[in-house]
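Chemist: Here it is, the structure in full.
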Amino acid sequence: MKRQPLAYRMRPKKIDDIIGQHHLIGEGKLLRRMVDAGQLSSMILYGPPGIGKTSIASSIAGSTGTPSKMLNAVVHNKKDMEIAVEEAKMHGQLILILDEVHRLDKGKQDFLLPYLENGLLILIGATTANPFHSINPAIRSRCQIFELEPLTVDNIKEALRRALVDDHNGYGKEKIDINDEAITHLAQACGGDVRSALNGLELAILSTFPNNEGVKIISLKTAEDCIQKKSFQHDKDGDAHYDVLSAFQKSIRGSDVDGALHYLARLIEAGDLISINRRLLVIAYEDIGLANPQAGSRTLSAIEASERLGFPEARIPLANAVIELCLSPKSNAAYKALDAALSDIRKGKIGDVPKHLKDAHYQGAQQLGRGIDYKYPHDYEHGWVKQQYLPNKLKGTSYYEPKRTGKFEQALAEIYERLKNK
């Protein structure tokens, strides 16, 4: 019978076998206390791919002694879940490990809910999608949510070394000589995916012939050949994508050129030109605004150039735009002023348009008092004359609070204050 892959064989069997996740399973942490007390409640394990969510779920179940069953929300149907419920009734309780829990359809959800409610089933769901965005509130409200952290390079090195010395599931019985450089490369090149690192190690071992002493020597070159390098995890439709976009904008807003270029590089590596360009245009007006009005038009020019060029050349105008936006003075005063006006309107602070401002371009308007006493500013010195524009209900209200971070808005602020003083 063909042997199972190393990554499968090395799955943790008990909670003490789990590598990383000390914030959840360390001494005194909530998940550890739940397991030690044998008092599990339904939970959702959420985190990036390749860090062992289903393995952790299995080890949690294995540490309690409660019978468990593993299903997949996509592959398995309602009938499979009915069988799980029957097993739970036989045992008194069952831990249902459900991979891709965010893909549960309504029929399956409705079937499971009463059994989660009465405790016959304890659900341990695993998902890469943010449960607050992707999981039905009825399921979510019945579960504890635990976010798993990406594994560090040291965590993955630990998993690799454990596989090399494990006599039963790993390669402890074989003579293998692998240097630190090769182990470090496997741990770094997998992009945080321990499954990929273990599979790379196994391929290196299986594809290497022993020398005259019966030793398999795994070099850095062998390790490089046996693992497909992953620079980072990035799903254009996933939660991590929006985290990177958020960090990108916040780095520009915070004038951190290096941070902004780092996140730009991640978005470029993911090939997501549409999201980059849309976010840059928003930033130009949301965060730079009146402090550097030309930044908006120059950003638009850079966006148009990037769209015409496509990758890889598109990175050149994008880099120019990002650095200018980072180092520009910042002002959000314009859109904040509009938001304040919108807030008043939504609260019912509207009022009638003053009669002298109403449309007078129709017969009978004068009889209704429309447009009478309107003062045409161009007829006055400096093109300005004092008159009321806001409705009586809002007379004296100020929305715009200018910032003085850039020369342009500083000049606007002086004009604004001079006019208000008149």
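Chemist: Quick one: compute the contact order of segment 27-182, relative version, from alpha carbon pairs under 8 angstrom and 6+ residues apart, as a percent.
Modeler: It rounds to 29 percent for segment 27-182.
Chemist: Mind running the shape call on segment 285-339? Use the C-alpha gyration tensor, a ≥ b ≥ c as the square roots of the eigenvalues: rounded below 1.5 for a/c, prolate if a/b tops b/c, oblate otherwise.
Modeler: It comes out prolate by the Cα gyration axes.
Chemist: Quickly work out the residue 161-to-residue 374 label distance, labels modelled 7 Å from Cα along the C-beta direction, and quote it in nm with one decimal.
Modeler: Between residue 374 and residue 161, the label points sit 8.2 nm apart.
Chemist: Same structure again: Measure nothing fancy, just the Cα-based angle from helix 273-283's long axis to the longest principal axis of the chain, in degrees from 0 to 90, nearest 10.
Modeler: 40
Chemist: Applying a 10 Å radius around every beta-carbon, put 37-43, 244-250 in order of their mean neighbour count, most first.
Modeler: Details: 37-43: 14.4, 244-250: 17.1.
The packing order, highest mean first, is 244-250, 37-43.
Chemist: How much length would be gained if the chain were fully extended between residue 262 and residue 356, taking 0.36 nm per residue of separation minus their Cα-Cα distance, in nm to one decimal?
Modeler: My answer for the length gained is 28.3 nm.
Chemist: Now for a separate question. Nothing charged except the Cβ atoms of Lys and Arg (+1) and of Asp and Glu (-1): what's the magnitude of the dipole of segment 255-304 about its Cα centre? Round to the nearest 20 debye.
Modeler: 120
Chemist: Per the 1.4 Å probe, what fraction of the accessible area of the chain, in percent, lies on carbon and sulfur atoms?
Modeler: On the way: 12160 of 23720 Å².
C and S atoms contribute 51 percent here.
Chemist: Now for a different question. Roll a 1.4 Å probe over the protein chains and send me the accessible area per residue for segment 22-128 in Å².
Modeler: Values: 4610 Å² over 107 residues.
Computed with neighbouring chains in place, this is 43 Å² per residue.
Chemist: Taking only Cα atoms, what is the 0 to 90° angle, nearest 10, from helix 194-206's long axis to the longest principal axis of the chain?
Modeler: Compared with the principal axis, the helix lies near 40 degrees.
Chemist: Assuming 0.36 nm per residue, please report the length gained on full extension of the stretch residue 132 to residue 384 beyond their Cα-Cα distance. Intermediate values should be presented prior to the final figure.
Modeler: On the way: separation 252, 0.36 × 252 = 90.72 nm, distance 5.33 nm.
Result for the pair: 85.4 nm of gain on full extension.
Chemist: Could you compute the net charge surrounding residue 167? Neighbours are other residues with a C-beta less than 11 Å from the C-beta of residue 167; K and R count +1, D and E count -1.
Modeler: Summing Lys and Arg as +1 and Asp and Glu as -1 gives -1.
Chemist: Another question, then. Please label the shape of segment 334-422 as rounded, prolate or oblate, based on the square roots a ≥ b ≥ c of the eigenvalues of the alpha-carbon gyration tensor (a/c under 1.5 means rounded; beyond that, a/b larger than b/c means prolate, else oblate).
Modeler: Here segment 334-422 falls in the oblate category.
Chemist: Take residue 147 and residue 206, extend 7 Å from each Cα along the Cα→Cβ direction, and tell me the distance between the two endpoints in nm.
Modeler: Calculated label separation equals 3.7 nm.
Chemist: If you don't mind, there's one more thing I want to ask. Which whole-number percent gives the relative contact order of the chain, counting Cα pairs below 8 Å spaced six or more residues apart? Could you put the intermediate results ahead of the total?
Modeler: Details: 620 pairs, mean separation 47.5, N = 422.
In percent, rounded to a whole number, it is 11.
Chemist: Another one. Testing the spin-label approximation: label points 7 Å from Cα along Cα→Cβ at residue 395 and residue 87. State their distance in nm.
Modeler: 7.7
Chemist: What FRET efficiency comes out for residue 300 versus residue 420 if R0 is 35 angstrom and r is the Cβ-Cβ distance? Round to the nearest 0.05.
Modeler: Values: r = 32 Å, r/R0 = 0.92.
Efficiency at R0 = 35 Å is approximately 0.60.
Chemist: Output needed for the chain: three equivalent-ellipsoid semi-axes, defined as square roots of 5 times the C-alpha gyration tensor eigenvalues, in descending order, whole Å.
Modeler: For the chain, the ellipsoid semi-axes come out as 60, 32, 17 Å.
Chemist: When all protein chains stay in place, what accessible area (Å², nearest 10, 1.4 Å probe) is found for residue 16?
Modeler: Solvent-accessible area, nearest 10 Å²: 110 Å².
Chemist: Sticking with this structure for a sec: Check which residues have an amide H placed less than 5 Å from residue 177's amide H, if you skip close sequence neighbours.
Modeler: Under 5 Å from the amide H of residue 177 lie the amide H atoms of 216, 217, 218, each far enough along the sequence or on another chain.
Chemist: Give the accessible area for residue 416 in Å² (nearest 10); use a 1.4 Å probe, count only protein heavy atoms, and leave out ligands, DNA and RNA.
Modeler: 60
Chemist: What value, in deg cm²/dmol to 500, does the helix sum -39500 (n - 2.57) over DSSP H runs of n ≥ 4 give at 222 nm once divided by the residues of the chain?
Modeler: The helix contribution divided over the chain gives -14500 deg cm²/dmol.
Chemist: Which longest uninterrupted range of the chain lacks any GluC sites (Glu not before Pro) assigned by DSSP to a loop state (not H, G, I, E or B) and surrounded by at most 14 other Cβ atoms within 10 Å?
Modeler: With a cap of 14 other Cβ atoms within 10 Å, the longest stretch comes to 28-173.
Chemist: Taking segment 25-125, which trypsin sites (Lys or Arg not before Pro) meet the DSSP loop condition and have no more than 16 other C-beta atoms within 10 Å?
Modeler: Here the sparse-neighbourhood loop sites are 29.
Chemist: Quick one: how many Å² of residue 23 are accessible to a 1.4 Å probe, rounded to 10?
Modeler: Roll a 1.4 Å probe over it and residue 23 shows about 60 Å².
Chemist: Which shape class applies to segment 246-380: rounded if a/c is under 1.5, otherwise prolate when a/b exceeds b/c and oblate if not, where a ≥ b ≥ c are the square roots of the Cα gyration tensor eigenvalues?
Modeler: Here segment 246-380 falls in the prolate category.
Chemist: Could I ask something else about it? Compute the long axis of helix 180-189 from its Cα atoms, compare it with the longest principal axis of the Cα atoms of the chain, and write down the angle in degrees, 0 to 90, nearest 10.
Modeler: 50
The values are calculated or read from the model by the stated rules, or taken from the named source; none is laboratory data. Everything numeric here is computed off the predicted structure, so don't read it as measured data. For neighbour counting, all protein chains shown are included, and Cβ atoms are generated from backbone atoms with ideal geometry for every residue, glycine included. The area values use the complete protein model at the heavy-atom level, side chains included, leaving out ligands, DNA and RNA. Shrake-Rupley method; radii C 1.70, N 1.55, O 1.52, S 1.80 Å.
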